[in-house]
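Report on one structure; see the data block that follows.
Read-outs: derived from the displayed coordinates by stated rules, not from any lab. Bear in mind that the values here come from a model prediction, so they are computed numbers and not experimental data. As a convention, Cβ positions derive from the backbone with ideal geometry for all residues, glycine included, and neighbour counts pool all protein chains shown.
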Amino acid sequence: MKPGLVLVGLGHGQLEILDRLEEIREHYDVQFIGGSQTVYTGAFPQVIAGLMNSATVQLPQLEPVAERIISIDPRQQTVQTERELFHYDQLVLATGAKSRGIGTPLKPMSQALLDHIDSSPVVTIVGGGKAGVELAFMCARTKDVTLYAKRILPDVPLHRQKQIERLLVKSGIMVVKQQFQDDGSEGLLLDATGVVPVAWWAESGLAKPDCFIETDKYLRHHQFTNIYVTGDMASCLNGGVDAVRSGRYVAKRLLGETNQPFRRRQSMNILLTTPGHALLTFGQLTWHGRLPYYMKRFIDSRYVRHYH
Ligand SMILES: Cc1cc2nc3c(=O)[nH]c(=O)nc-3n(C[C@H](O)[C@H](O)[C@H](O)COP(=O)(O)OP(=O)(O)OC[C@H]3O[C@@H](n4cnc5c(N)ncnc54)[C@H](O)[C@@H]3O)c2cc1C
C-alpha cells in the first residue's frame with residue numbers, strides 16, 4: 001500500500017506540486033483539501049486595471065475531499081476539516097497567511113474580493129510596500145485612490161522611493177505619509193500592510209502563538225518532519241516567488257529527487273507602475289522602465305494560462 005499524502009491549500013507552492021501530480025501518484029495515495037480555484041495574487045492588480053481578464057487559477061486533475069482545514073493533530077497525523085477527519089503519512093501545507101485586520105483583508109484572496117474592489121469607485125489602501133504601491137497604481141486608472149504609508153517602498157534605495165512617490169502623486173493618488181488611523185476613511189479600505197499568522201497553526205501545536213511556522217532546512221516542520229510547509233506560512237519564506245520555489249523544492253523531495261537543503265535566494269520582484277512601465281527590484285538593484293513591464297506581463301500571463 002502506498003503512503004497517504006494530503007495536500008492542503010491551493011497556494012502558489014501547491015500548484016507547483018500539483019503540476020507533478022501524475023509522478024507523485026506513482027508513490028503516494030494523494031488527497032487534496034482546499035478550494036478548486038484561487039486568485040493568483042501576482043496578477044490580480046492587473047485585472048483591476050483592465051490589463052488582464054482573469055487571474056483565477058484552477059486545481060488541476062483532482063477532486064477536493066474537503067474545502068477547508070480547521071486544525072491538525074500532528075501526533076495522531078490527522079487533519080480536521082469542515083467535513084471529516086483525514087489521516088496522513090505525509091502532509092503539505094500551503095494555506096498562506098492572513099491580512100493584519102485593517103478594513104477589508106486582501107488575504108486570503110478571493111474572486112468575491114476582486115469583484116468588490118472592481119466595483120468600488122473610491123479606495124483607501126494602507127501599506128506602502130510593493131503590494132500596496134502596485135495596487136494603488138492599478139486602482140488609480142479607474143478609481144479615486146488614497147494611499148496611507150509612513151514610507152513608500154522602504155526596501156529600495158532612497159532616490160527610487162522618491163521617484164515612485166512622485167509618480168504616485170502624478171497618477172492622481174493622494175499619498176498620506178503617516179500611520180493609518182481609521183477616523184472615517186473614504187470608500188473601500190484595503191489592508192496591504194503584510195500578512196500575519198493564522199490562529200489554527202498555534203492551536204494545532206505547529207507554531208508558537210502569533211508566530212509563523214518554523215521549519216528545518218528541508219522545509220519540514222522542525223518537530224514533525226512528515227509535514228512540509230510552503231509559502232507565507234513558513235517563517236523562513238517571504239513572498240510569492242519564495243512560495244513558488246518552495247513548492248518546486250517540496251515536489252522534488254516527495255519524489256526523492258533531492259537530499260539538498262532548500263536554498264534561499266534573493267528574489268526578483270516586478271511591480272507595475274504607470275501605463276507601460278514597471279519597477280524591477282533585486283535586492284538594492286532597481287530598474288524602472290518598459291522592459292520590466294513587458295517581463296512582468298509575460299511572466300504573469302504565462303502563469304495564469306498554465307494553471308487556467
Ligand atoms: C496585492 C498583492 C500583490 C502581490 N504581488 C506579489 C508579486 O507580484 N510577487 C510576489 O512574489 N508576491 C506578491 N504578493 C505576495 C504573494 O501573494 C504571497 O506571498 C503568496 O500568495 C503566498 O503564497 P502561499 O502559497 O503561501 O499562499 P496563498 O497564495 O495565500 O494561497 C493560500 C491558499 O490557501 C487557501 N486557504 C486559506 N486558508 C485555508 C484553509 N483553512 N483551508 C484550505 N485552504 C485554505 C486560500 O484560499 C488560498 O487559495 C502579493 C500580495 C498581495 C496581497
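On C-alpha positions alone, give me the angle between the axis of helix 130-139 and the longest principal axis of the chain, in degrees, nearest 10.
Relative to the chain, helix 130-139 is tipped by roughly 60 degrees.
Return, for the Cα atoms of the stretch 28-87, the radius of gyration and Dmax in Å, separated by a comma.
In order Rg, Dmax, the Cα atoms of the stretch 28-87 give 15.6, 48 Å.
Considering only DSSP beta bridges where both residues belong to the stretch 1-125, give the percentage that are antiparallel (nearest 5).
That works out to approximately 50 percent antiparallel.
Please work out the Cα convex hull volume for the stretch 166-236 and give it in Å³ per residue.
In the stretch 166-236, the Cα hull volume divided by residue count equals 161 Å³.
Please report, in whole Å, how far the alpha carbons of the chain spread along each principal axis, starting with the longest.
The principal-axis extents, from largest down, are 63, 40, 33 Å.
Just to confirm the number: angle between the C-alpha axis of helix 158-170 and the first principal axis of the chain, 0 to 90 degrees, nearest 10?
70
For the chain, find the longest principal axis of its Cα atoms and tell me its angle to the long axis of helix 240-254, 0 to 90°, nearest 10.
It works out to around 10 degrees.
Quick one: longest stretch of the chain between exposed loop trypsin sites (Lys or Arg not before Pro), exposed meaning at most 10 other C-beta atoms within 10 Å and loop per DSSP?
So the longest stretch without any such site is 76-262.
Give a quick list of GluC sites (Glu not before Pro) in the stretch 14-88 that DSSP marks as loop, anything other than H, G, I, E or B, with at most 16 other Cβ atoms within 10 Å.
Hits after loop and neighbour filter: Glu26, Glu67, Glu82, Glu84.
Starting from the exponent 0.38 and prefactor 2.2 Å, build the expected Rg for the stretch 163-308 from its residue count and divide its actual Cα Rg by it.
1.31
Counting helices only, and only those DSSP H runs with n ≥ 4, report the 222 nm mean residue ellipticity of the chain as the sum of -39,500 (n - 2.57) divided by its residues, in deg cm²/dmol to the nearest 500.
Rounded to the nearest 500, the figure is -8000 deg cm²/dmol.
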